[in-house]
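Read the figures in this text as sums done on the coordinates, not as results from a lab. As the structure is a prediction and not an experimental result, all values here were calculated from the model. Neighbour counts run over all protein chains shown; Cβ positions are idealised from the backbone, glycine included.
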Amino acid sequence: MTDANTAKRAVVLGGVTGMLGQALVNVLNKAGWEVVAQSRDDVDVTTCSALDEYLAGHAPDVVFNAIAYTAVDLAEDEKDKACELNKKLPASLGRISKKQGFKLVHYSTDFAFDGRKQMPYVETDETNPLCVYGKSKLDGEKALLATEAPGALILRTAWLFGPGRKNFVQTILNLAKDRDSLNVVHDQIGSPTYTPDLARYSLELVDAGGEGIYHMVNSGQASWCELAAEAVHLAGLSCAVRAIPSSEYPQKAHRPPYSVLSTEAFTNKTGTTPRAWVQALREYVFKDLGAVE
Ligand SMILES: NC(=O)c1ccc[n+]([C@@H]2O[C@H](COP(=O)([O-])OP(=O)(O)OC[C@H]3O[C@@H](n4cnc5c(N)ncnc54)[C@H](OP(=O)(O)O)[C@@H]3O)[C@@H](O)[C@H]2O)c1
């Protein structure tokens, strides 16, 4: 908790409508920060001078960038749009951070990896994105680091679910209400992550003085099928969840078959071990979505 004399000011880009952005706004407010939640109506983030002026007007200590082009399949056809938000925006923010002196916290993705590893990926593992979205996000990491913005923090996360915006878990539960069975991909394994937890851990790492690249996800791993099955079970729905291979659910963008992220570096820095995704999912299903326990 911060008191009024030491209250820090944050701007959360994407804080009004983004899934992670909204969680960051909640967590920062609860921690006593002064928070400005940004939406599209406030500033055109693709115009560097406008963004510079907007941020200067709020004089933040920290800027959290939760804006991204997140439509993974559509990005295959909209490379320029993905690049504008996922590569150019972090680069602009890095330059502005250097000029104005705020700390920048930026988010990236497990899709930076190709999934050929069989053990959780650490920050120094070789990257090799398989799709336009993953490449645009990795290019954003590199472009931001190249600005040498002091203290900039890049958090690679994965498989987000949480309140405030449509996500995989919510989609599955909506479908499961009306169907007897659902087929879900079982040969892609990742790190399901609850946005309120990600927001809390982000703040902990900022408070601990983290900079550079960190992986930040809930503990444990799951396939999409396991995540769906657990959510359906928790919600008390009778829909059967059947495992299928990716080949039976073709998607435009290639995804890594394995993209579990190791959070050891985060734990070493903060002393916190992220809670298990299953525990976080319970909170989402019971508290946020209001399923009866
Ligand atoms: N979702 C996942 O599973 C996942 C996995 C790994 C990494 N990540 C990363 O985590 C971060 C947060 O993701 P998220 O799922 O919370 O994102 P999200 O819910 O899709 O929110 C994206 C935000 O960006 C804003 N935005 C999009 N295009 C814009 C534009 N042209 N101008 C201004 N604002 C624009 C959106 O505003 P509107 O609502 O107005 O469109 C929204 O506020 C991103 O960096 C993402 O790459 C996400």
* Anisotropy class of the stretch 1-62 from Cα gyration tensor, a/c 1.5 cut -> oblate
* To do: Putting +1 on Lys and Arg Cβ atoms and -1 on Asp and Glu Cβ atoms, find which of Leu175, Gln188, Leu160 reaches farthest to the positive end of the dipole of the stretch 135-255.
  => Leu175
* Asked: With the chain treated as a Gaussian network of Cα nodes joined by springs under 10 Å, which of Glu211, Glu84, Glu53 yields the largest mean-square fluctuation?
  -> Glu53
* Treat the count of other C-beta atoms within 10 Å as a stand-in for reagent exposure and order Phe113, Phe286 from fewest to most. => Phe286, Phe113
* **Dipole in debye (nearest 20) - the stretch 4-75, about Cα centre, beta carbon charges: Lys, Arg +1; Asp, Glu -1** => 320
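Which of the GluC sites (Glu not before Pro) found in the stretch 118-151 are in a DSSP loop and have at most 12 neighbouring Cβ atoms, other than their own, within 10 Å? Write down the numbers at each step before the final one.
Numbers: sites: Glu123, Glu126, Glu141, Glu148; in loops: Glu123, Glu126, Glu148.
Loop-located and lightly packed - Glu126, Glu148.
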* Asked: Among Ala50, Ala276, Ala176, which one shows the biggest mean-square fluctuation in a GNM of the chain, springs joining Cα atoms closer than 10 Å?
  -> Ala50
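First measure r as the distance between the Cβ atoms of Asp180 and Asp125, then evaluate 1/(1 + (r/R0)^6) with R0 = 35 Å and state the FRET efficiency to the nearest 0.05.
Numbers: r = 41 Å, r/R0 = 1.18.
It comes out at approximately 0.25.
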* Evaluate the stretch 222-292: find the radius of gyration of its Cα atoms, find its Kirkwood radius, and give the ratio Rg to Rh. => 1.06
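When the dipole is taken about the Cα centre of the chain, and only Lys, Arg (+1) and Asp, Glu (-1) are charged at their Cβ, what size is it in debye, to the nearest 20?
Values: 30 positive and 36 negative charges, 16 e Å.
With Lys and Arg at +1 and Asp and Glu at -1, about 80 debye.
Find the eigenvalues of the gyration tensor of the Cα atoms of the stretch 251-293, then list the square roots of 5 times those eigenvalues as equivalent ellipsoid semi-axes, largest first, in whole angstrom.
Values: eigenvalues 125, 101, 10 Å².
Equivalent ellipsoid semi-axes, largest first: 25, 22, 7 Å.
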* To do: Any chance you could get the radius of gyration and Dmax over the Cα atoms of the stretch 83-204, in Å?
  => 16.9, 57
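Relative to the Cα centre, what is the charge dipole magnitude of the stretch 82-142, using +1 at the beta carbon of each Lys and Arg, -1 at the beta carbon of each Asp and Glu, and rounding to the nearest 20 debye?
Numbers: 11 positive and 8 negative charges, 81 e Å.
Once rounded to the nearest 20, the dipole reads 380 debye.
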* If we count every other residue with Cβ under 13 angstrom of Tyr258's Cβ, Lys/Arg +1 and Asp/Glu -1, where does the sum land? -> -1
* To do: Rank Ser136, Gly101, Phe111 by how far each Cα sits towards the positive end of the charge dipole of the stretch 86-147 (+1 on Lys, Arg Cβ; -1 on Asp, Glu Cβ) and give me just the farthest.
  => Gly101
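If you wrap a convex hull around the Cα atoms of the chain, how much volume per residue is inside, in Å³? Mind dumping the intermediate values first?
Details: hull volume 37.8 nm³, N = 293.
Once divided by residue count, the hull of the chain is 129 Å³.
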* Asked: At q = 0.13, 0.18 Å⁻¹, what base-10 log of I(q)/I(0) does the Debye formula yield for the stretch 174-256 when every alpha carbon is treated as an equal point scatterer in vacuo?
  -> -0.57, -0.87
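Taking only the C-alpha atoms, wrap a convex hull around the stretch 1-157 and report its volume per residue in Å³ as a whole number. Could you put the intermediate results ahead of the total?
Working: hull volume 19.0 nm³, N = 157.
Enclosed volume per residue, from the Cα hull, is 121 Å³.
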* Based on the Cα coordinates of the stretch 79-145, what is the per residue volume of their convex hull in Å³? -> 77
